[in-house]
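The block underneath contains the structure these notes are about, expressed in structure tokens.
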Amino acid sequence: MNNIAQQRKKIGVSQAVLASAIGWGQSRIANYELNIRTPSLNDCRAIIEGLKKLGCKCSLDEVFPPSKDKAA
């Protein structure tokens, strides 16, 4: 589970705008938001950087919260 859509909507940008900021296609963002695809760590970092570039003040853990079922 991720909070890409929540963070994206908080700053009022579309999937297409976020995707463009990262250099991806809109469908890739849609697939991540719908949990059809799972982003790699590097992809997660790119999403965070794209959100920040567009004015979002968020962290990796806010957008991609750690699993609660895994022991720390």
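The values are calculated or read from the model by the stated rules, or taken from the named source; none is laboratory data. None of the values given here were measured: they were computed from a predicted structure. Glycine also receives a Cβ, built like all others from the backbone with ideal geometry; neighbour counts cover every protein chain displayed. Just the protein is used for accessible areas: all its heavy atoms, side chains included, with ligands, DNA and RNA removed. Shrake-Rupley method; radii C 1.70, N 1.55, O 1.52, S 1.80 Å.
Here are the numbers for the structure shown:
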| item | result |
| --- | --- |
| Odd one out for residue 28, checked against (1) at pLDDT 95 or above; (2) basic (Lys, Arg); (3) part of a loop (DSSP other than H, G, I, E, B) | (3) |
| Hits in the stretch 31-64 (condition: part of a loop (DSSP other than H, G, I, E, B) and among the polar types (S, T, N, Q)) | 35, 38, 40, 59 |
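Conditions tested, residue by residue: (1) touching a Leu at 6+ places or on another chain (Cβ under 8 Å); (2) among the acidic types (Asp, Glu); (3) touching a residue at least 60 places away in the same chain (Cβ under 8 Å); (4) open to solvent by 50 Å² or more (accessible area, probe 1.4 Å).
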| site | (1), (2), (3), (4) |
| --- | --- |
| 1 | no, no, yes, yes |
| 5 | no, no, no, no |
| 12 | no, no, no, yes |
| 20 | no, no, no, yes |
| 33 | no, yes, no, no |
| 41 | no, no, no, yes |
| 48 | yes, no, no, no |
| 59 | no, no, no, no |
| 65 | no, no, yes, yes |
